[in-house]
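Any read-out appearing in this document is the output of simple, stated calculations on the displayed coordinates, not a laboratory observation. Because the structure is predicted, anything quoted here is derived from the model rather than measured. In this analysis, Cβ positions are derived from the backbone assuming ideal geometry, glycine residues included, and neighbour counts consider all displayed protein chains.
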Amino acid sequence: SQQRFVVYVHVYGWYKQVVSNNNKTNTDNMKTKFMTFLVLTLMSTQIFGQQVQTKEVYTYANSTMLEKILDAKSIQYSNIEFNVYKMQLNGYTVLVIIDDGDLILRTYFKDKPSLNRINDFNSQYRWARVYLDKDGDLTVAQELSFTGGITIGCINAFINTYGKILDEISKQMQ
């Protein structure tokens, strides 16, 4: 890049000044230092000179962030109480709960599959929990921890994965 070229020109000018010095030992020493500096500089621009991408990282879930993401995905939603939303995803009604800075997605089905089917699903899929709630309804839940930070891309993948899981559960539990 143009900035790197300017740095090299300035460094080369400094090098020429040092080399013109009459002291041979000092000149040899400075030549060695300059060549080391130049090699390290060239290596660092190749290794570290890549374009750095900055992404917005969220360390906790909040309603503003959630609404921004759902709007961007054109997902219909409504706020039904503080930190609890209802959204439509792949034709399913999903509760979105912001709990202690994390996101929980939860869906209820009226199907009553056997416990063996539920256990089979839970043993095959690691991203969601399937269980019967206290009313005996089939419940699908998935949580996303924001510990350490989460990008919008991760949140989008989380929501997309949940939609695929709901489709799969709908097929398997009938």
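For the reader, a short list of remarks on this structure follows.
- When the square roots of the Cα gyration tensor eigenvalues are ordered a ≥ b ≥ c, the ratio a/c for the range 77-172 is 1.5 or more and a/b exceeds b/c, which makes its shape prolate.
- If you take all other residues with their beta carbon under 14 Å from the beta carbon of residue 90, and give Lys and Arg +1 and Asp and Glu -1, the sum is +1.
- Extension gain, residue 81 to residue 93: 0.36 nm times the residue separation minus the Cα-Cα distance gives 2.7 nm.
- With K and R counted +1 and D and E -1, the other residues having a Cβ less than 13 Å from that of residue 132 yield a net charge of +1.
- Additional length obtainable on full extension of the chain from residue 116 to residue 64, 0.36 nm per residue less Cα span: 14.7 nm
- Cα shape, the range 92-145, gyration tensor, a/c 1.5 rule: oblate
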